[in-house]
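**Student:** One structure follows; several queries about it will come next.
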Amino acid sequence: MNAPVGLAALRVFSMKEAAYKAQYPISRTPLDFDALEVTPLGLRFRFPVPGFHRGALLPVCQWTNADLCLSLCVL
């Protein structure tokens, strides 16, 4: 993996996967990759989905080590 661009892409993908898996039991809505935007505090919905308003924040914690990345989103 080419750091830092490769690691940055991995981090964004990992954050969005964690947020998707956390929100799905509430919204039952499959999201496109661009449905969430990255913010310093986590991810924010770009449009409303059931159970969440536009701009609702999904907090994400993330840990990285070498080429590994772990993201956690708990609602």
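**Student:** Provide Rg over Rh for the chain; use the alpha carbon set for both Rg and the Kirkwood Rh (inverse mean inverse pair distance).
**Tutor:** Rg divided by Rh gives 0.99.
**Student:** Can you tell me the 0 to 90 degree angle between the C-alpha axis of helix 5-27 and the longest principal axis of the chain, rounded to 10?
**Tutor:** Helix 5-27 sits roughly 30 degrees off the main axis of the chain.
**Student:** What 222 nm value per residue comes from the helices of the chain, counting each DSSP H run with n ≥ 4 as -39,500 (n - 2.57) and dividing by all residues, nearest 500 deg cm²/dmol?
**Tutor:** -11000 deg cm²/dmol
**Student:** For the chain, what's the relative contact order in percent, using C-alpha pairs closer than 8 Å and at least 6 residues apart?
**Tutor:** Computed over the chain, the figure is 31 percent.
**Student:** Which loop-located trypsin sites (Lys or Arg not before Pro) does segment 1-56 contain, where loop means any DSSP state but H, G, I, E or B and the Cβ has at most 11 other Cβ atoms within 10 Å?
**Tutor:** Hits after loop and neighbour filter: Arg28, Arg54.
**Student:** Could you check the spin-label model distance between Leu41 and Ser27? Points 7 Å from the Cα along Cα→Cβ, value in nm.
**Tutor:** 1.8 nm
**Student:** Still on this structure: Using Cβ contacts closer than 10 Å as the measure, can you line up Val60, Val49, Val12, Val5 from fewest to most?
**Tutor:** Ascending Cβ contact count within 10 Å gives the list Val5, Val12, Val49, Val60.
**Student:** Any chance you could run the full-extension gain for Val74 through Val12? It's 0.36 nm times the residue separation minus the Cα-Cα distance, nm to one decimal.
**Tutor:** Length gained, Val74 through Val12: 20.7 nm.
None of the figures in this text is laboratory data; all of them are computed from the coordinates on show. Keep in mind that this is a model prediction, so the values were computed, not measured. Using ideal geometry, Cβ is built from the backbone for each residue, glycine included, and neighbour counts are taken over all protein chains shown.
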